[in-house]
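Inspection log for the structure reproduced underneath, given as structure tokens.
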Amino acid sequence: MELEVGAQVDLIIGRFTNVGISVLVDGEYEGMLYKNEVFQRVREGQKLSGYVKFIREDGKLDISLQPIGFVNKIGENEAVVLEKLKQSEAGFLPLHDKSDPEEIKYHLKMSKKSFKSAIGSLYKSKFLVIASNGIHITESGRSQ
């Protein structure tokens, strides 16, 4: 197999199972997108880009729709949160570390863990303020 973990690959969405979604990887390999890691709507036959997460002993691939590695994910997730804050009228989102994971997934298409990492990093960079009722963008966050 010519693929390695972290490689970007072309996917064709296959059938949906109890565990996740089977995918055809680069037109020749079998892969699996686990349903607890898919944060967007996909349909059978849809073509997407993905990333090799793990190569199993049987030659099948575990696939992710997000780049592999903390540094890649956090930058992308930070951008999503900032963009949503900029799009809101008051620069506010009623989401915080105690929000329901499904609510975060619905609004931002990411897991609660990814959301918490993103807002933590944005908070440290002084791009947002965390309040008990949600998050507020700061002036320095608006200019990003």
Using the number of other C-beta atoms within 10 angstrom as an exposure proxy, rank LYS112, LYS86, LYS60 with the fewest first.
-> LYS86, LYS60, LYS112
Its Cα gyration tensor gives the chain an equivalent ellipsoid whose semi-axes in whole Å, largest first, are 33, 15, 12
Segment 43-111: which GluC sites (Glu not before Pro) are DSSP loop and have at most 12 other beta-carbon atoms within 10 angstrom?
-> GLU44, GLU57, GLU89
Kirkwood-type radius of segment 80-144, with distances r between different C-alpha atoms, in Å = 11.5
Quick one: putting +1 on the C-beta of Lys and Arg, -1 on the C-beta of Asp and Glu, what dipole do you get for the chain around its Cα centre, in Debye to the nearest 20?
-> 600
What's the exposure ranking of SER114, SER22, going from fewest to most Cβ atoms within 10 Å?
-> SER22, SER114
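Coordinate-derived values only; no laboratory data. The model shown is predicted, which means the values in this text are computed figures rather than measured ones. Reconstructed Cβ throughout: ideal geometry from the backbone, glycine too, with neighbour counts over all protein chains shown.
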